[in-house]
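Input: a single structure, listed below in structure tokens.
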Amino acid sequence: MFKRTLFLSAGLVMALGLAVPAAAQNVAGVARSAWAPSGLPDRVVLSPGADAARQMAVAWRTDARQADAVAEIVEAIDGPAFESRARTVDGLSTDGVVRGGQGRYHTVRFTDLKPGAGYLYRVKGADGWSEWLSFRTAADEAAPFRILYFGDTQNSILSKGARTIRAGLMRTSPDVVIHAGDLTGRSHDWEWGEWTAAGGYGYAMVPQIPAAGNHEYSDDDDGRRRLGPLWAAQFALPENGAEGVVETSYYTDYQGVRFIVLDGTAGTSLDALDAQTRWLDRTLASSTARWNIVIQHQPIYTCARPNDTEALMAAWEPIYRARNVDMVLQGHDHCYSRITDGDGKASGEARRAQGAAQGPVYVVSVAGPKMYGLNDRALTQPDRVAADTQMYQTIDVEAGRLRYRAYTVSGVLYDAVDVVRAADRTKTLREPVESLPPLRLCDGDVGPDGAPCVGSAK
């Protein structure tokens with residue numbers, strides 16, 4: 001209960017703690033000085049190691065005067081005299097200017113931690129340390145916990161996307177946070193400034209599990225896509241991914257769940273599909289977790305685009321089924337969709353009525369303000385869909401059940417399903433909420449709130 005109790009109190013003041021001067025709320029072409037580094041650490045982001053019971057990692061930024069990556073960590077106690085017990089941990093430091101940013105970026109990996117224990121840590125800048133920040137390692141065995149999942153933020157990250165991030169953090173008290181790609185619009189320095197400001201110390205205290213989207217990439221002069229160099233500086237992610245895609249594919253084991261992160265952009269645009277497919281199959285085959293959840297950006301089944309992501313569907317969906325993946329969390333389409341049967345909603349309902357095993361559950365969501373219109377399958381294929389709606393989702397992990405809930409940014413429960421696993425590992429889906437609000441759809445140029453519909457056809 002250590003982290004959850006502490007984080008609720010932090011959430012109550014998050015809106016004040018994240019206040020940003022109006023001059024720093026970016027539009028295109030804003031001066032780099034608006035997000036200039038200082039002698040104190042900023043952009044602090046916590047990530048789980050491959051074994052989240054014993055490993056955590058942190059990335060942060062300072063100005064160039066702090067040449068080395070230095071952190072301190074100590075097991076938490078309730079009294080204030082913990083500092084004398086802290087140990088120093090060194091890490092890696094890199095020139096942010098070389099990566100298209102500013103200042104220096106630092107990463108430190110904390111290892112040999114105690115499972116299920118509360119820790120305090122701080123990171124160093126030339127003019128002083130950060131505040132002491134808390135986290136809790138995962139338990140050494142399966143135990144209940146809560147996942148918070150966001151789709152794309154991408155545009156107007158601080159001015160409009162931040163309200164979804166903060167609503168989710170404040171209202172749900174998560175144990176881990178998932179981002180399904182397109183965290184930024186084009187991986188510019190100021191966009192990472194907005195993204196980290198949106199989450200504030202929530203990102204520094206709750207482990208973040210991000211997937212890279214196509215907007216984390218840019219095109220070279222020769223037309224070849226490359227990952228934005230600030231991605232690897234901004235996160236200290238596990239280094240256990242597919243060959244050639246080690247910065248954006250990885251897995252982490254957290255308290256009975258194996259989270260597997262894939263890079264659909266590298267798979268579809270950079271000849272990295274086969275390597276990820278082989279790695280995906282091995283990673284699922286070796287999993288001893290009760291639940292397996294995949295995070296990828298481009299959706300297998302789309303809710304906005306005319307065509308599904310055929311290359312990823314052909315390569316990865318058979319593995320998801322063969323290896324009994326439970327959920328696939330996605331972004332990219334800037335709409336909301338939950339699909340439990342690719343043949344359509346009616347087919348899924350019929351299979352559930354027969355008691356047939358089902359899965360995985362495919363979800364697409366969007367946290368930011370950029371919206372696309374729904375495609376011609378959106379009212380017949382998904383079990384639940386929404387247009388022009390900023391949303392966040394929770395998944396409560398239990399021994400035999402995943403309780404999935406989707407909320408609008410104002411906190412209205414919009415969708416609900418339980419994934420229930422039997423002793424023989426077969427799964428059934430149950431919709432436990434008898435009444436949900438009407439579908440949020442655009443009617444011509446009018447959106448579901450009576451405001452203009454902003455979703456454009458894709």
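The values are calculated or read from the model by the stated rules, or taken from the named source; none is laboratory data. Note that the structure is a prediction, hence the values are computed from the model and not measured. Glycine also receives a Cβ, built like all others from the backbone with ideal geometry; neighbour counts cover every protein chain displayed.
Does at least one position in the range 28-45 carry a residue that is of a type in the set (S, T, N, Q), over 24 Å from Ser159 (Cβ atoms) and either assigned to a helix (DSSP H, G or I) or at pLDDT 95 or above (or both)? The answer is no, given that none of the residues of the range 28-45 is of a type in the set (S, T, N, Q), over 24 Å from Ser159 (Cβ atoms) and either assigned to a helix (DSSP H, G or I) or at pLDDT 95 or above (or both).
Just to be sure I understand, how many residues within the range 100-134 are under 22 Å from Ala34 (Cβ atoms), under 23 Å from the mean Cα position of the chain (by Cα) and part of a loop (DSSP other than H, G, I, E, B)? Here the count works out to 1. The single condition from (1) at pLDDT below 95; (2) within 20 Å of the chain's Cα centre (by Cα); (3) of a type in the set (Ser, Thr, Tyr) that Ser218 fails is (2). Where the second residue is assigned to a strand (DSSP E or B) and among the hydroxyl-bearing types (Ser, Thr, Tyr) and the first is under 16 Å from Phe145 (Cβ atoms) and lies in the range 394-421, which pairs have Cβ atoms under 6 Å and are six or more apart or on separate chains? Between residues of the range 394-421 that are under 16 Å from Phe145 (Cβ atoms) and residues that are assigned to a strand (DSSP E or B) and among the hydroxyl-bearing types (Ser, Thr, Tyr), the close pairs are Ile395/Tyr404; Arg405/Thr394. Within the range 374-391, residues that are touching a residue at least 12 places away in the same chain (Cβ under 8 Å) have Cβ atoms under 6 Å from residues that are of a type in the set (Asp, Glu) in these pairs: Arg384/Asp415, counting only partners at least 6 apart in sequence or on another chain.
Tally the residues that are more than 26 Å from Ala143 (Cα to Cα), polar (S, T, N, Q) and in contact with a Pro (Cβ under 8 Å, 6 or more places away or on another chain), restricting the search to the range 231-274.
Looking only at that region, the number is 0.
Step by step: first the residues of the range 120-144, then only those that are surrounded by 21 or more Cβ atoms within 10 Å (Cβ to Cβ) and aromatic (Phe, Trp, Tyr), then the one that is farthest from Ser84 (Cα to Cα). Which residue is that? In this case the residue turns out to be Phe135. Condition check for Gly331 on (1) of a type in the set (Gly, Ala, Ser); (2) touching a residue at least 24 places away in the same chain (Cβ under 8 Å); (3) more than 27 Å from Val454 (Cα to Cα): one failure, at (3).
Of all residues in the range 190-230, exactly one satisfies the criterion of being more than 30 Å from Ala138 (Cα to Cα), out of contact with any Gly (no Cβ under 8 Å at 6 or more places or on another chain) and among the aromatic types (Phe, Trp, Tyr), namely Trp190.
Selection of the range 86-106 for residues being surrounded by fewer than 16 Cβ atoms within 10 Å (Cβ to Cβ) and among the aliphatic types (A, V, I, L, M) yields Leu92, Val97, Val98.
In the condition set (1) surrounded by fewer than 22 Cβ atoms within 10 Å (Cβ to Cβ); (2) in a loop (DSSP other than H, G, I, E, B), Gly181 is compliant with all but (1). Could you name every one of the strands (runs of 3 or more DSSP E) located completely within the range 221-316 that has at least 3 residues being at pLDDT 95 or above and crowded, with 23+ Cβ neighbours inside 10 Å? Passing ranges, in order: 250-254, 257-261, 291-295. The residues on offer are Arg403, Arg430, and the sole one that is of a type in the set (Lys, Arg) and over 23 Å from Asp343 (Cβ atoms) is Arg403.
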